[in-house]
Amino acid sequence: MSGVTIWHNPRCSKSRAALALLEARGISPVVRRYLDAPPSLAELRAARDALGLPVIAMMRPKDKLFRDLGLARDDDDETLLAAMAAHPALIERPIVFAGNRAALGRPPEAILDIL
């Protein structure tokens, strides 16, 4: 399958497992290390739309950085998206894109639904 991209953090076990799952199925995704190449605000909006999830589901609200920035789960979407654009460590990982669909790899097997 072509056209698969994973927003990947190699230090995350779930992200590594999702990548291994793709590779075990013969898929060589584009690997985007989103901490090194952060997504733009437009890309984050597109990811939200492809995921079909609330913005907060794309985030790591239990992370210390979330609290340190004074963010709240009920902040509006644009506030949360802007926070992720400025601080990509807040992005939940991994996110896998295939065509116009996306899946959050928690658990990693959840990505199979879009392949």
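By other beta-carbon atoms within 10 Å, ranking Met59, Met84 with the fewest at the front produces Met59, Met84.
If you take the Cα centroid of region 1-25 and the Cα centroid of region 40-115, the two points sit 16 Å apart.
Report the relative contact order of region 4-114, percent, no decimals, based on alpha-carbon pairs under 8 angstrom and at least 6 residues apart.
Working: 158 pairs, mean separation 39.1, N = 111.
Result for region 4-114 is 35 percent.
Karplus-based coupling profile of region 108-115, in residue order and whole Hz: x, 5, 4, 6, 5, 5, 9, 8, with θ = phi - 60° in 6.51 cos²θ - 1.76 cosθ + 1.60 and x standing for Gly or Pro. Relative to the longest principal axis of the Cα atoms of the chain, the long axis of helix 77-86 lies at roughly 70 degrees.
The residue among Ile114, Pro10, Leu80 whose Cα reaches farthest toward the positive pole of the charge dipole of the chain, with charges on the beta-carbon of Lys, Arg, Asp and Glu, is Pro10. Ellipsoid fit via the Cα gyration tensor, region 9-77: semi-axes of 25, 15, 12 Å, each the root of five times an eigenvalue, largest first. Taking the DSSP beta bridges in the chain as the whole, what percent of them are antiparallel, to the nearest 5? Of those bridges, close to 70 percent are antiparallel. Taking the C-alpha atoms only, the angle from helix 41-51 to the longest principal axis of the chain is near 60 degrees.
Computed on the Cα atoms alone, the convex hull of the chain gives a volume of 93 cubic angstrom per residue. Sequentially through region 95-101, phi angles give Karplus couplings (6.51, -1.76, 1.60; θ = phi - 60°) of 10, 10, 10, 9, x, 9, 10 Hz, Gly and Pro residues having no value and appearing as x.
Rule-based calculations on the coordinates, nothing more; no lab input. What you are looking at is a predicted structure, and each value in this text was computed from that prediction instead of being measured. Positions of Cβ are generated from backbone atoms using ideal geometry, with glycine treated the same way; all protein chains shown enter the neighbour counts.
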